[in-house]
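Okay, structure first, notes after.
Nothing in this text is a laboratory measurement; each read-out follows from the coordinates by a stated rule. What you see is a predicted model; the values in this text were computed from it and never measured. Heads up, the Cβs are rebuilt from the backbone with ideal geometry, glycines too, and the neighbour counts pull from every protein chain shown.
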Amino acid sequence: MGMYPGGNIVRVTPTVVVGTTHVDDVTFATTEIPNAVPSREGTSILHSIGIIDYDNEKHDLDIIFMQNNVSIGSAGSAPSWSDSDVVDAKLIGGVDVDWDIAKVSVSVAEMAFFSGTNRNANTQQLPMMVQGGSNSTSIYFTAITRAETDFAANNNLEFVFHFQYLG
């Protein structure tokens with residue numbers, strides 16, 4: 001295997017709200033990213049994130065990564081988590097998504113890959129080290145909408161995560 005001990009590309013389609021989700025509301029409920037790490041409580045490097053918007057609307061959002069499955073609130077509603085929820089989630093990091101930075105147009109969707117700086121071009125966000133939760137090879141993610149969304153179907157947003165497993 002050489003210098004790299006392997007990795008995984010994981011595709012996840014969270015359930016988004018059909019219709020309007022307002023700015024600063026939860027885009028989708030906390031969702032599992034299975035096999036993000038090679039072993040229980042193992043570590044990986046998240047190199048890049050591909051986002052495919054099948055609705056062609058290119059909505060800015062902030063993605064939140066955590067070790068544990070903790071709800072920050074219902075999709076389409078304001079975030080509603082307590083200090084203890086934040087502690088229980090074991091936050092890993094976040095990525096703010098700006099469709100104007102890195103997008104690729106295809107005939108049926110908009111696709112963007114994020115692998116570097118944020119929308120203000122002043123903070124490196126990826127790569128990011130991640131660690132699985134207690135007795136798990138999964139991590140979890142959710143998002144906050146930063147531009148009003150209006151998805152036509154609840155499966156209109158697909159994420160493609162590129163993980164490098166660490167030994």
Report, by chain and number, residues whose modeled amide H sits under 5 Å from the one on Val97, excluding near sequence neighbours (fewer than 5 apart, same chain).
Leu61, Asp62, Ile63
Can you give the local net charge around Leu157? Use residues other than it whose beta-carbon is closer than 10 angstrom to its beta-carbon, Lys and Arg +1, Asp and Glu -1.
-4
Which of the peptides 47-58, 9-20 is most tightly packed, and how do the rest follow, judged by the mean count of other Cβ atoms within 10 Å per residue?
47-58, 9-20
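Rank by packing, highest mean first: peptides 75-87, 146-158, with packing defined as the count of other Cβ atoms within 10 Å averaged across residues. Don't jump to the answer; show the numbers that get you there.
Details: 75-87: 13.2, 146-158: 17.0.
The peptides rank, most packed first, as 146-158, 75-87.
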Show me, for the stretch 142-157, the HN-Hα J-couplings you get by feeding each phi into the Karplus relation (A = 6.51, B = -1.76, C = 1.60, θ = phi - 60°), rounded to Hz, glycine and proline as x.
8, 8, 10, 6, 10, 8, 3, 10, 8, 6, 7, 9, 6, 10, 7, 10
